[in-house]
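Visitor: Got a structure for you, questions after.
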Amino acid sequence: MGTPELVEFQVDGKESFRAALMLPPGFDGKRPLPAITVVYGAYSVLALLTQTKLFRAAVCNAPIANLTSFYSQQDWYWFESGQGGMGKPPWGDPDAYVRNSPLFLLDQIEASLLLVNGSEDTASARQAEEVFNGLLRLGRKVEWIQYEGADHFTPEWEHTKFEHLCKTMLDWFDEHL
């Protein structure tokens, strides 16, 4: 039960990523790839960024990076039986929570990363702050935008905030790809 651990994901190597990303067989990794994600997708992309150098730039909206701290900010069901797929609480297998937390592998990230969240989505704001501070300390290219008054679900944001986010993402990729 549960999701594949990051360390197991790495062992599968480049072919696993090629299949998961539906990359063509001749893809050599020289072309820049962008990644845009939200919430659990942001968690997945952070995990990928720690395991592969295929991406030069990414945007993570409402990221999850540290399962140990996120556990106290989320319904336990999400972790133990739901999408988190951990099967037990952190005290039941603390090593698995650390192994599956991209925060503990930030030193492996080389891609430029734009973190985004709404100020009312306090759980993802704390997660974004952990990633931002870690990557900043490592000297990586990282920026963090928090949209005041916006909540977790991006499509429900005010039009001007959503429009700004879309333009910011395009500008980010123009600059970093």
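The values are calculated or read from the model by the stated rules, or taken from the named source; none is laboratory data. Keep in mind that what you see is a predicted model, and the values were worked out from it rather than measured. Using ideal geometry, Cβ is built from the backbone for each residue, glycine included, and neighbour counts are taken over all protein chains shown.
Visitor: How many residues are without any contact (Cβ under 8 Å) to a residue 24 or more places away in the chain and either among the acidic types (D, E) or outside any helix (DSSP H, G or I) (or both) if we restrict to segment 65-88?
Guide: Total satisfying the criteria: 5.
Residues checked against (1) buried (at least 16 other Cβ atoms within 10 Å of the Cβ); (2) in contact with a helix residue (DSSP H, G or I) (Cβ under 6 Å, 6 or more places away or on another chain); (3) not in a loop (DSSP other than H, G, I, E, B):
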residue: V59; (1), (2), (3): yes, yes, yes
residue: P63; (1), (2), (3): yes, yes, no
residue: D95; (1), (2), (3): no, no, yes
residue: L105; (1), (2), (3): yes, yes, yes
residue: G134; (1), (2), (3): yes, yes, yes
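Visitor: Please work out if L105 is among the aliphatic types (A, V, I, L, M) and touching a strand residue (DSSP E or B) at 6+ places or on another chain (Cβ under 6 Å).
Guide: Values: among the aliphatic types (A, V, I, L, M): yes; touching a strand residue (DSSP E or B) at 6+ places or on another chain (Cβ under 6 Å): no.
So L105 fails the test.
Visitor: Among the residues of segment 142-163, is there at least one that is surrounded by 11 or more Cβ atoms within 10 Å (Cβ to Cβ), in contact with a strand residue (DSSP E or B) (Cβ under 9 Å, 6 or more places away or on another chain), modelled with pLDDT of 95 or more and in a loop (DSSP other than H, G, I, E, B)?
Guide: no
Every residue, every condition in (1) of a type in the set (S, T, Y); (2) more than 26 Å from L177 (Cβ to Cβ); (3) in contact with a Phe, Trp or Tyr (Cβ under 6 Å, 6 or more places away or on another chain), yes or no:
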{"site": "D93", "(1), (2), (3)": "no, yes, no"}
{"site": "P102", "(1), (2), (3)": "no, no, no"}
{"site": "L106", "(1), (2), (3)": "no, no, no"}
{"site": "E110", "(1), (2), (3)": "no, no, no"}
{"site": "S119", "(1), (2), (3)": "yes, yes, no"}
{"site": "R126", "(1), (2), (3)": "no, yes, no"}
{"site": "V131", "(1), (2), (3)": "no, no, no"}
{"site": "L136", "(1), (2), (3)": "no, no, no"}
{"site": "G139", "(1), (2), (3)": "no, no, no"}
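Visitor: State the number of residues belonging to segment 108-126 that are in a helix (DSSP H, G or I) and either out of contact with any strand residue (DSSP E or B) (no Cβ under 8 Å at 6 or more places or on another chain) or charged (D, E, K, R) (or both).
Guide: First pass over segment 108-126, keeping only residues in a helix (DSSP H, G or I): 108, 122-126.
Okay, now just the ones that are also either out of contact with any strand residue (DSSP E or B) (no Cβ under 8 Å at 6 or more places or on another chain) or charged (D, E, K, R) (or both), so 108, 122-123, 126.
Counting residues in segment 108-126 that are in a helix (DSSP H, G or I) and either out of contact with any strand residue (DSSP E or B) (no Cβ under 8 Å at 6 or more places or on another chain) or charged (D, E, K, R) (or both) gives 4.
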